[in-house]
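Here's the structure we're looking at; comments come further down.
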Amino acid sequence: MMSIETLDFAGQATDLVLEVGPKAVLLRVQAELLEKHSPVFKKMFLPDQTDSITFDGSGTRHISLPEDNPALFRALFYAIHGQFANVTALFTVLNFATILQTIALASKYGMVPVFNPWMGSLVLRIRRSLQLLDSSELLSCALILRFIGDIESLFLAIYILAHFASRDEEGRMILDSIQQPWSAEQYQTPATGYLQGIPIDAGLDLIGKTESEPILTPN
């Protein structure tokens, strides 16, 4: 009999198990921390939402999340359970595509702010890498910067991306042959859609944008 993979983030404080992914990897977590940091999970715990909750033999609650990737929860749950060194290590070694997927997952559950202590070092890593990346990696960086709202660094990424772009008959900027490492439908971030229509000198235009103005607009 095959054993079920288990990731334990809460130890003896575990009072909730998330069954994540099609193979139902078990993530042992502390419900109070999820409720504190995620409005989505908080809603799941409301009395009228109990249909999504089951109980095992010990009385521990289980919630099934078959569409999510259990590996992407690592940095997120390390952060809310106080395992800060592990978050730092992951954000240092993970590639930008995986970091984008992690932040997109955090956004799905309303938990992006838990990464605030690491955003400064992440942005610094991105800025140091921009001129060394291919177009796919640059696109991942641009979308990370869009998620976290760093407009100045986003401008730099878009400016460099423009040099990888071709133009269609209407003069719109198109990124060709981008191999998306994440599910655009799942995270509602159609990668090329955010960049189509941006002129080659878009970076210069982005300097004057305010936070209330759209930075990248899908077609």
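The values are calculated or read from the model by the stated rules, or taken from the named source; none is laboratory data. If you're wondering where the values come from, they're calculated on a predicted model, not measured in any experiment. Don't worry about glycine lacking a Cβ; one is built from the backbone with ideal geometry, like all the others, and counts go over all protein chains shown.
Descriptive notes on the structure:
- When 54, 60, 50 are checked against the criterion of being at pLDDT below 90 and in contact with a Leu (Cβ under 8 Å, 6 or more places away or on another chain), 60 stands alone in meeting it.
- Failed item, numbered, when residue 126 is tested on (1) touching a Cys at 6+ places or on another chain (Cβ under 9 Å); (2) under 20 Å from residue 8 (Cα atoms); (3) β-branched (Val, Ile, Thr): (2)
- If you check 52, 107 for being without any contact (Cβ under 8 Å) to a residue 40 or more places away in the chain and surrounded by fewer than 19 Cβ atoms within 10 Å (Cβ to Cβ), only one passes: 52.
- Helices (runs of 4 or more DSSP H) within the range 6-83 that include 3 or more residues under 22 Å from residue 119 (Cα atoms), within 19 Å of the chain's Cα centre (by Cα) and among the aliphatic types (A, V, I, L, M): 73-80
- Matching residues in the range 120-143 - criterion: being under 16 Å from residue 92 (Cα atoms), of a type in the set (Ser, Thr, Tyr) and in contact (Cβ under 8 Å) with a residue 40 or more places away in the chain: 140
- Pairs linking a residue in the range 8-31 that is over 19 Å from residue 75 (Cβ atoms) to a residue that is of a type in the set (Phe, Trp, Tyr) and modelled with pLDDT under 90, with Cβ atoms under 8 Å and 6 or more positions apart or on different chains, are 31/45.
- Residue check for residue 19: under 19 Å from residue 102 (Cα atoms), loosely packed, with under 14 Cβ neighbours inside 10 Å, among the charged types (D, E, K, R) and at pLDDT 90 or above: no
- From the options 147, 115, residue that is within 21 Å of residue 72 (Cβ to Cβ), modelled with pLDDT of 90 or more and aromatic (Phe, Trp, Tyr): 115
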